[in-house]
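Quick note: the coordinates plus some simple rules give every number you see, no bench work behind them. Predicted, not measured: the structure shown is a model, and the values here were computed from it. Ideal geometry is used to build each Cβ from the backbone, glycine not excepted, and the neighbour counts take in all protein chains shown.
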Amino acid sequence: QSVLTQPPSVSGAPGQRVTISCTGSSSNIGAGYDVHWYQQLPGTAPKLLMFANNNRPSGVPDRFSGSKSGTSASLAITGLQAEDEADYYCQSYDSSLSGSAFGGGTKLTVL
Amino acid sequence: DVQLVESGGGLVKPGGSLRLSCAASGFTFSTYSMIWVRQAPGKGLEWVSSITPSSGYMFYADSVKGRFTISRDNAKNSLYLRMNSLRAEDTAMYYCARGPEGATAILTKWFDPWGQGTLVTVSS
């Protein structure tokens with residue numbers, strides 16, 4: 001049971017917009033700690049998708065955006081493409097754990 | 001090109017030990033914090049351990065504290081994870097990842113890039 005809660009799955013048709021939520025608490029996101037997002041394509045290692053809430057690493061398309069408010073964060077993907085089908089994980093620091101924590105992961109299906 | 005290559009995984013009996021290695025290249029290894037993250041089969045990611053550039057501080061998840069030891073050899077550009085008293089629930093793909101440059105607030109930062117992982121299976 002992770003301290004960061006994500007929906008197990010989301011789906012959308014090509015070209016549509018989807019959002020993935022990451023809900024925390026006052027010991028992590030609500031305490032002001034940054035949220036980072038990773039994309040894990042099937043059979044591959046995770047790849048950094050968004051850092052410090054809303055910053056895209058070089059090479060990540062601007063179809064991906066991040067936001068944070070209160071005790072939650074969100075990853076939005078616009079113009080959905082088949083290649084976006086993957087697992088997505090949020091990550092933040094949790095003071096009650098004194099360590100880094102990942103959300104349980106969200107499987108994105110492109111219909 | 002930044003590269004991380006893990007090795008040392010395999011099949012081990014419950015109660016046994018294993019040492020994982022991660023060879024780094026393409027960046028100044030000695031100035032970056034480093035991390036181990038694991039992923040049980042079909043499950044999500046779990047942060048395992050982090051170490052600061054000069055090995056001044058090591059951090060562990062509660063699930064491995066007292067059993068696992070993270071270390072590094074900056075002269076060899078290598079990161080290690082010594083795993084003792086292994087349990088079935090330690091079965092996972094183990095990834096090494098690069099953390100932030102420096103030793104400040106390393107647990108709050110992102111991990112980038114990641115290696116391809118090495119599989120550890122604990123079974124009798």
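Could you list all residues from the range B:37-61 that are in a strand (DSSP E or B) and buried (at least 16 other Cβ atoms within 10 Å of the Cβ)?
B:Val37, B:Arg38, B:Gln39, B:Leu45, B:Glu46, B:Trp47, B:Val48, B:Ser49, B:Ser50, B:Ile51, B:Phe59, B:Tyr60
Among the residues in the range A:56-76, are any part of a loop (DSSP other than H, G, I, E, B), of a type in the set (Lys, Arg) and farther than 17 Å from A:Ala13 by Cβ?
yes
Within the range B:30-51, which residues are hydroxyl-bearing (Ser, Thr, Tyr), within 22 Å of A:Pro46 (Cβ to Cβ) and away from every other protein chain (no Cβ under 12 Å)? Spell out how you get there, then give the answer.
If we filter the range B:30-51 for residues that are hydroxyl-bearing (Ser, Thr, Tyr), which is where we start, we get B:30-33, B:49-50.
Subsequent filtering for residues that are within 22 Å of A:Pro46 (Cβ to Cβ) retains B:32-33, B:49-50.
Within the range B:30-51, B:Tyr32 is the sole residue that qualifies.
Identify all residues within the range A:79-97 that are more than 14 Å from every other protein chain (Cβ to nearest Cβ) and within 14 Å of the chain's Cα centre (by Cα); write none if there are none. Show your work before the answer.
Residues of the range A:79-97 that are more than 14 Å from every other protein chain (Cβ to nearest Cβ), as a first pass: A:79-85.
A:Asp84, A:Glu85 - these are the residues of the range A:79-97 that are more than 14 Å from every other protein chain (Cβ to nearest Cβ) and within 14 Å of the chain's Cα centre (by Cα).
Looking at the range A:9-23, is at least one residue without any contact (Cβ under 8 Å) to a residue 60 or more places away in the chain and part of a loop (DSSP other than H, G, I, E, B)?
No, the conditions are met nowhere in the range A:9-23.
Check B:Ser21, B:Ser54, B:Ser30, B:Ser49 and return the single one that is hydroxyl-bearing (Ser, Thr, Tyr) and in contact with a Pro (Cβ under 7 Å, 6 or more places away or on another chain).
B:Ser30
For residues that are more than 7 Å from chain B (Cβ to nearest Cβ) and part of a loop (DSSP other than H, G, I, E, B), scanning just the range A:98-107, find the one that is surrounded by the fewest Cβ atoms within 10 Å (Cβ to Cβ).
If we take residues in the range A:98-107 being more than 7 Å from chain B (Cβ to nearest Cβ) and part of a loop (DSSP other than H, G, I, E, B), then A:Ser98 is surrounded by the fewest Cβ atoms within 10 Å (Cβ to Cβ).
In the range B:62-88, how many are within 25 Å of A:Pro8 (Cβ to Cβ) and either outside any loop (DSSP other than H, G, I, E, B) or of a type in the set (Gly, Ala, Ser) (or both)?
Quick first cut of the range B:62-88, residues within 25 Å of A:Pro8 (Cβ to Cβ) only: B:62-63, B:88.
Next, from what is left, pick out any that are either outside any loop (DSSP other than H, G, I, E, B) or of a type in the set (Gly, Ala, Ser) (or both): B:63, B:88.
Total meeting the criteria: 2.
From the residues in the range A:24-53 that are β-branched (Val, Ile, Thr) and in a loop (DSSP other than H, G, I, E, B), which one is farthest from A:Gly99 (Cα to Cα)? Talk me through it step by step, then tell me what you get.
Let us first name the residues in the range A:24-53 that are β-branched (Val, Ile, Thr), namely A:29, A:35, A:44.
Okay, now just the ones that are also in a loop (DSSP other than H, G, I, E, B), so A:35, A:44.
Working: A:Val35: 14, A:Thr44: 25 Å.
The selected residue is A:Thr44.
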